[in-house]
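Data block below; observations after.
The values are calculated or read from the model by the stated rules, or taken from the named source; none is laboratory data. Owing to the predicted nature of the structure, the values given are computational and were not obtained by experimental measurement. Here the Cβ positions follow ideal geometry from the backbone for every residue, glycine too, while neighbour counts run over all protein chains shown. Surface accessibility is based on the protein's heavy atoms, side chains included, excluding ligands, DNA and RNA. Shrake-Rupley method; radii C 1.70, N 1.55, O 1.52, S 1.80 Å.
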Amino acid sequence: MISYLVTVVILVAIAALVGLALNLQWGLAGLVNFGVAGFVALGAYTLAISAPHMGWLAGLALAAAVCAGLSMLLSLLTIRLEENYLAIVTIGFAEIVRILLLNIGDLTGGALGIADIPRPFAGITPAGWGDAVILAFALGLVVIVFAFSEALVRSPFGRALRAVRDDATAAAALGKPVLALRVRAFAIGGAIMGLAGALHAFFLTYIDPSQFTPIITAYAFMAVIAGGRGSNLGLVLGAGSIMLILEATRFLKDVIPGVDGVQLSALRLGMIGVGIVLLLILRPEGLVSEPKRRFADFFPPESEKA
């Protein structure tokens, strides 16, 4: 039972990292990324290929750097297209990544994948404590990324991103570098997705292309919508809620007689869909609404200054 709970918490941590990245790209900057699964897969495979030669820490940094670089390239390629076309480009990117992973067998192992991926601190981890170390590592990574994201949101960069999201023309008229802001936001989000993919590889120690399906993208958007677009705290709560519902509904087969595996899978997704619809109706802003800054927050009245 303990090992199962540890697994659930690690899965929630991975989902939270993916959601924090999407919340930065879409929730804060308004950039739709339907290729989340491709970036997560790229991060996982970069780590799996490089870690045996460079060490897990260098592999982790490389996974983030590769995903950030490709994110920046994708955003620059769509400079002359309308904003919505970025979503189409990211879908194509995810499909390209999947095809490459399947066909570059000498590097990625093809459909067989890559096994024996080294874990962090494996050389000093006592026997039987591997999952506990990964759990602590995952939670630490989430805390660091969450703190970084919160600092980013509250910084002038985050306020400029919200301005670009709400009205890019007005932001440009006020002298904000709209293109540079979007490219940086997309690159930072890509780097965090690379970290999530690396954590996925660390945890399973084996990856193959079948693990990175478009459902990862769907879960990420569900988490952002459920938690509250633009709210990092809400995102963490939303990701946790989605993953806990997914895991809890595994036991429905013990409650509902005559339900096979295919029906159970459809029922689980259906329940999440119904929950998202009800949440959008009853609380459109999500579990935690995006913090709003007022004029008085920047220029307090003279009475408060005194």
request  = Report the charge-dipole magnitude of the chain in Debye, nearest 20, computed about the Cα centre from +1 at each Lys and Arg Cβ and -1 at each Asp and Glu Cβ.
outcome  = 580
request  = Quick one: grab the alpha carbon gyration tensor of region 1-136, order the square roots of its eigenvalues as a ≥ b ≥ c, and give me rounded if a/c is under 1.5, else prolate or oblate depending on whether a/b is larger than b/c.
outcome  = prolate
key: Mean projected area in nm² (Cα convex hull; one quarter of hull surface) for the chain   = 20.0
task = Give the peptides 37-45, 201-209, 163-171, 133-141 in descending order of average Cβ contacts within 10 Å, highest first.
result = 37-45, 201-209, 133-141, 163-171
ask   = Considering only protein heavy atoms, what is the solvent-accessible area of Leu62 at a probe of 1.4 Å, reported in Å² to the nearest 10?
value = 60
ask   = What relative contact order, as a whole-number percentage, does the chain give when Cα pairs under 8 Å and 6 or more residues apart are counted?
value = 31
query = Can you pull the percent of the chain's accessible area that's carbon plus sulfur, 1.4 Å probe, other chains left in place?
reply = 70
remark   = With Cα coordinates, the longest principal axis of the chain makes an angle with the long axis of helix 130-154, in degrees rounded to 10, of 10
task = Enumerate the residues in region 171-214 having an amide nitrogen under 15 Å from the point lying 7 Å beyond the Cα of Glu95 toward its Cβ.
result = 214
key: Debye intensity ratio I(q)/I(0), log10, region 191-299, q values 0.19, 0.23 Å⁻¹ (C-alpha model)   = -1.09, -1.26
query = If you average 1/r over every pair of different alpha-carbon atoms in region 10-60 and take one over that average, what Kirkwood value in Å do you get?
reply = 12.1
key: In degrees, nearest ten, helix 36-54 long axis to first principal axis of the chain (Cα)   = 60
remark   = Here D for region 113-238, in µm²/s, from Stokes-Einstein with a Kirkwood Rh over Cα pairs at 4 °C and 1.567 mPa s, works out to 76
query = What ranking do 13-22, 90-99 get when scored by the average of other Cβ atoms within 10 Å per residue, highest first?
reply = 13-22, 90-99
query = Residue-wise, which Karplus ³J(HN,Hα) couplings in Hz belong to region 223-239, taking 6.51 cos²θ - 1.76 cosθ + 1.60, θ = phi - 60°, and x for glycine or proline?
reply = 5, 5, 5, 5, x, x, 4, x, 10, 5, 4, x, 4, 4, 5, x, 4
ask   = Based on the Cβ-Cβ distance from Leu264 to Leu73, what FRET efficiency comes out when R0 is 35 Å, to the nearest 0.05?
value = 0.30
message = Can you give me the Rg/Rh ratio for region 224-278, using Cα atoms for both radii and the Kirkwood formula for Rh?
response = 1.08
task = May I ask you to compute the full-extension gain from Met54 to Lys253, defined as 0.36 nm times their residue separation minus their alpha-carbon distance, rounded to one decimal in nm?
result = 67.2 nm
message = If I fit a long axis through the Cα atoms of helix 261-282 and take the longest principal axis of the Cα atoms of the chain, what angle between them do I get, 0 to 90°, rounded to 10?
response = 10
request  = Over all alpha-carbon pairs of region 177-252, lay out the pair-distance distribution in 10 Å bins, whole %, shortest bin first.
outcome  = 16, 38, 36, 9, 1, 0
query = Per-residue HN-Hα couplings for region 246-253, Karplus 6.51 cos²θ - 1.76 cosθ + 1.60 at θ = phi - 60°, whole Hz, x for Gly and Pro?
reply = 4, 6, 5, 6, 4, 8, 5, 5
task = Express the accessible area of region 169-303 per residue in Å², computed with a 1.4 Å probe while the remaining protein chains stay in the model.
result = 51
